[in-house]
Amino acid sequence: MALALGFESFEPDELIPLGLPADDVARKALLKAAREAYEEGGEEALERVIRDNLGEHADEVLNKLDETLSSCPGCGQPNPQILRSRGAIAAKQHIDPTNLGKDGISAWCSNCTADSGRFWGRSAAEIQEFARQIGLDSNKALVYTPQYGGTGHWSLFLDAIGPDGYLLPQYADLIDEFLRTGIPVKR
Ligand SMILES: [Zn+2]
């Protein structure tokens, strides 16, 4: 499962089919338990809570969860293409140290209209997979941050940013090449 994208933002009805369990209080309690399990134990703990509580319906919910959490909150697009602005070089990316860890490498969902400069990038799933490959946290590979760049704005590879606000040198070139050799977009 790809569970990186804002687990805290869901309503029970979005994830748990109506009637499982039947009443609203129980549904909210289940979602709360699932969220706490995820925060403490990650995807495996979350899956365990869902399976323990929903039995034969667990797969349905887990698939829905996976799909929802991989979608762009700005437009609802599943596994959106996340694109960088033209010309920016990831290795030189600089983050305001007072905002360290909140922004990261800016990128935009190609399906959202607020973007002003998208150029090249990768799909959300590719970005998460690449983070795992190079030893970064896939939960921090792709975080939806509209507060920094409007609808469709994402921050990439948050745990690859050093205390000086620059990308850590061991990741900078890898990330830059990975993003640049992804989806080419001509505008
Ligand atoms: Zn979008």
List every residue whose amide H lies under 5 Å from the amide H of Q77, counting only residues 5 or more places away in sequence or on a different chain, with H placed 1.01 Å from N in the peptide plane.
C72
In Hz, Karplus ³J(HN,Hα) per residue of the stretch 45-57 (6.51, -1.76, 1.60; θ = phi - 60°; x = Gly, Pro)
5, 4, 4, 4, 4, 5, 5, 5, 8, 10, x, 5, 8
Simple spin-label estimate for D24 and E36 in nanometres, 7 Å along Cα-Cβ:
2.2 nm
Built amide H within the under 5 Å cut-off of W120, gap 5+
R84
Would any residue of the stretch 133-162 have its amide N under 19 Å from a label point 7 Å out along Cα→Cβ of Q170? List them or say none.
133-141, 157-162
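Bear in mind these aren't lab numbers, they're just calculated from the coordinates by the rules spelled out. What you are looking at is a predicted structure, and each value in this text was computed from that prediction instead of being measured. A quick note on method: Cβ atoms are made from the backbone with ideal geometry, for glycine too, and the neighbour counts reach across all protein chains shown.
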